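The next block holds one structure in the form of structure tokens; read it before the comments.
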Amino acid sequence: MFCRLVVRSAFIALALGLGSAASAGVIWNESVNGDLSNDGLSPTFVGTLTPGSNQVIGLTGRPGPAPATPPERDYFFVTVPLGLNLAAITLLPGQNMGGLGFIGLQAGSQITLPTNAATAVGLLGWWHYAPADVGHDILASMSALAMTPGGMGATGFTAPLGPGNYAFWVQDTSTPPVPSIPFNFGFDLVVVPEPGTIAMMLLGLGGLGFSRRKRA
């Protein structure tokens with residue numbers, strides 16, 4: 001009985017931990033924290049991810065007519081610490097976006113793919129995001145696309161992504177209807193404990209319960 005109580009308490013504690021982390025929310029907002037890097041070889045470090053919600057919010061779009069005006073490109077990287085997994089990337093609601101949104105993902109702390117590359121070789125995966133993706137996990141879509149000829153040579157990966165550094169490239173090549181009001185983007189990087197971490201925690205608590213029952 002005590003063991004079952006310990007296990008159930010552990011799951012409740014884990015759920016509460018994720019819920020409190022999710023309320024923390026935004027880890028980088030360009031309007032507050034400053035402009036994200038425009039250089040793939042020197043992305044902005046936006047933080048070490050924590051369990052739950054980790055939101056990155058920024059501005060993009062082409063501020064003037066194409067092709068003379070290049071699009072706003074944002075590059076950033078994050079760290080997924082030991083014991084955690086990047087389980088999902090959710091496109092946040094409330095965005096003003098064009099029709100050519102792009103997000104690319106590469107292992108490490110740089111995006112080495114040049115902006116004029118004809119392939120996606122070097123990226124783990126990528127996706128053209130659109131209003132239909134709002135509220136949905138696009139990490140799975142990025143992975144699935146990379147495994148097809150349409151992935152254009154991206155390495156591919158199996159979600160969730162384990163500990164390490166991951167770099168992102170975000171842009172929208174559309175021109176906003178009002179150039180002075182750029183498009184915005186918001187991605188929620190959702191992090192969960194690795195299964196092994198949960199198992200070890202439950203094993204330890206279960207052992208504690210067994211020892212206590214044995215002494216009793």
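The values are calculated or read from the model by the stated rules, or taken from the named source; none is laboratory data. Bear in mind the structure is a predicted one, so any value in this text is a computation, not a measurement. No Cβ is skipped: glycine too gets one built from the backbone with ideal geometry, and neighbour counts run over all protein chains shown. Quick note on the areas: whole protein, heavy atoms, side chains included, nothing else; ligands and nucleic acids left out. Shrake-Rupley method; radii C 1.70, N 1.55, O 1.52, S 1.80 Å.
Among the residues of segment 34-62, just one is modelled with pLDDT under 95 and in a loop (DSSP other than H, G, I, E, B), namely Arg62.
Let's see how each residue does on (1) at pLDDT below 95; (2) part of a helix (DSSP H, G or I):
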{"residue": "Phe102", "(1), (2)": "no, no"}
{"residue": "Asn116", "(1), (2)": "yes, no"}
{"residue": "Ser141", "(1), (2)": "no, yes"}
{"residue": "Gly153", "(1), (2)": "no, no"}
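Out of all the residues in segment 63-72, is one or more at pLDDT 90 or above, in contact with a Pro (Cβ under 9 Å, 6 or more places away or on another chain) and assigned to a strand (DSSP E or B)? Within segment 63-72, one or more residues are at pLDDT 90 or above, in contact with a Pro (Cβ under 9 Å, 6 or more places away or on another chain) and assigned to a strand (DSSP E or B). From the residues in segment 163-173 that are more than 12 Å from Ile103 (Cβ to Cβ) and over 12 Å from the mean Cα position of the chain (by Cα), which one is least open to solvent (accessible area, probe 1.4 Å)? The extreme case among them is Gly164.
Contact map, segment 119-136: residues that are under 22 Å from Gly153 (Cα atoms) paired with residues that are part of a helix (DSSP H, G or I) and of a type in the set (Ser, Thr, Tyr), Cβ distance under 9 Å, separation 6+ or inter-chain. Pairs shown: Leu124/Ser143; Gly125/Ser141; Gly125/Ser143; Trp127/Ser141; Tyr129/Ser141.
Of all the residues in segment 83-99, those that are part of a loop (DSSP other than H, G, I, E, B) and either of a type in the set (A, V, I, L, M, F, W, C) or open to solvent by 20 Å² or more (accessible area, probe 1.4 Å) (or both) number 7.
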